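Comments concern the structure below.
The values are calculated or read from the model by the stated rules, or taken from the named source; none is laboratory data. Fair warning: this is a prediction, and the values are worked out from it, not measured in the lab. Neighbour counts run over all protein chains shown; Cβ positions are idealised from the backbone, glycine included.
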């Protein structure tokens, strides 16, 4: 199992539409709207890097997404 | 299903309270209508509960398509299964907790004519849980949580207090020294069981409930036998009312499934506080019940005023819990020459951090924080991060809204 954070920047005025499309995608553990340098932070959970590429491709294809930045998780501690 | 985790938590806890209020009415009906000795009733209900729970678990294990029916009430459920070795100590402790709390409750009922005033102090268990969490768990309560808990606790006491009920030192001692600590043991270990991973997935509430009831019935049988052996053997006689016992424990099963699922999503203290809303839901059930048996909805206008004020406090406290929560992601860049593993461990030790991950990309570490106020985020997290050598810089991203896969 490969997990990754995908940090997303959207064009102004497109956040709601991007979120709606994003919520339809599979292999996603959580979607957070944030206030900071990014607009949306997605936590993805996929079986292979190939699947991760497919997911980021789908995110890129959403109208209103300006830029993405993928951070693959190497090790994680959580409650 | 991807929804807001917070919404699901409150939905589960409130639905559990609603069902629990229905069960309370059935139990009140049983005790008024059949006049069974409290010890016999306690054991008979557990034994009937064991049978109906086993039947329900078998039914919920039937697959429809690829998934068992039970996945509709807990997506982590696969089928009823044997106990894992690692679960055993937790189940024993939760079982002892539940059995001792039940026995303490029935002991109070058996010695007082009207124990409602004494029993209302059971609500203080919320504060016990808060205290236990602040000692035993990483996520210590914030001032806002303490405030909300005190509001709910006092509100719940006022809403369930009886002005005519008996109140004395022995009764209060049992509630404060036996009933409440036993319930804490039960809640804390049920929560730990829910958070446990079995075959890579979260433990399911259905199996937890089944095994907990088995251990509780076992320990309760032993306790009742030693307290009053005569009452122990009377169980066989009162089992003629098995239909109503099955109804009570069958409905209780669903209340507990939702409660255990809520425990897996939120703190035990907050879950218990939200569950205090049972008092509010019991009003329509009491009105319904008064059509079948003789019960008075309130003792005096004074008590009604106190009850109403208590209910308002419970509602306000629960709303305040729901509204005071801040979550954030913290992106960190580490300086060269420092072990990332060591940094991860130092960050994990900070109170309020719920996950920490080393990542490959623009940043080195991404942590997630959950606090009650932004001020706490500064005091508890940012000041601590600044004190860790090896963190070159960090960026705080406050979460405004979040949907999670549950």
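Brief remarks on what is shown
- Scanning segment B:122-131 turns up no residue that is in the same structural domain as residue B:216 (by TED's automatic domain parsing) and without any contact (Cβ under 8 Å) to a residue 24 or more places away in the chain.
- Test: residue B:329 is at the interface with another protein chain (Cβ under 8 Å from one of its Cβ atoms), surrounded by 21 or more Cβ atoms within 10 Å (Cβ to Cβ) and under 29 Å from residue B:13 (Cα atoms): yes
- Set B:347, B:366, B:353, B:330: member being in the same structural domain as residue B:388 (by TED's automatic domain parsing), closer than 29 Å to residue B:151 by Cα and in contact (Cβ under 8 Å) with a residue 12 or more places away in the chain: B:353
- The residues listed here are B:400, B:374; of these, the one that is over 23 Å from the mean Cα position of the chain (by Cα) and facing chain A (nearest Cβ under 10 Å) is B:400.
- Scanning segment B:195-215 for residues that are buried (at least 18 other Cβ atoms within 10 Å of the Cβ), assigned to a loop (DSSP other than H, G, I, E, B) and either within 12 Å of chain A (Cβ to nearest Cβ) or out of contact with any helix residue (DSSP H, G or I) (no Cβ under 6 Å at 6 or more places or on another chain) (or both) gives a single hit, B:204.
- Of the candidates B:66, B:33, the single residue that is in contact (Cβ under 8 Å) with a residue 24 or more places away in the chain and at negative phi is B:33.
- Only one of the numbered conditions (1) surrounded by fewer than 19 Cβ atoms within 10 Å (Cβ to Cβ); (2) in contact with a strand residue (DSSP E or B) (Cβ under 9 Å, 6 or more places away or on another chain); (3) within 13 Å of chain A (Cβ to nearest Cβ) is violated by residue B:364, and that is (1).
- Candidates are the residues of segment A:1-26 that are closer than 15 Å to residue A:73 by Cβ and under 10 Å from the mean Cα position of the chain (by Cα); the one that is nearest to the other protein chains (Cβ to nearest Cβ) is A:5.
- Counted as qualifying within segment A:27-79 are the strands (runs of 3 or more DSSP E) with 2 or more residues that are surrounded by fewer than 17 Cβ atoms within 10 Å (Cβ to Cβ) and more than 10 Å from every other protein chain (Cβ to nearest Cβ), namely A:65-78.
- In segment B:260-297, the residues that are surrounded by fewer than 13 Cβ atoms within 10 Å (Cβ to Cβ) and in a helix (DSSP H, G or I): B:287, B:288
- Being touching a helix residue (DSSP H, G or I) at 6+ places or on another chain (Cβ under 6 Å), crowded, with 20+ Cβ neighbours inside 10 Å and over 25 Å from residue B:157 (Cα atoms) holds for only one residue in B:232, B:245, B:254, and it is B:245.
Every residue, every condition in (1) in a helix (DSSP H, G or I); (2) assigned by TED's automatic domain parsing to the domain that holds residue B:54, yes or no:
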| site | (1), (2) |
| --- | --- |
| B:254 | yes, yes |
| B:257 | yes, yes |
| B:299 | no, no |
| B:308 | yes, no |
| B:313 | yes, no |
| B:316 | yes, no |
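- The set of residues from segment B:321-344 being part of a strand (DSSP E or B) and at pLDDT 90 or above comprises B:328, B:329, B:330, B:331, B:332, B:333, B:334.
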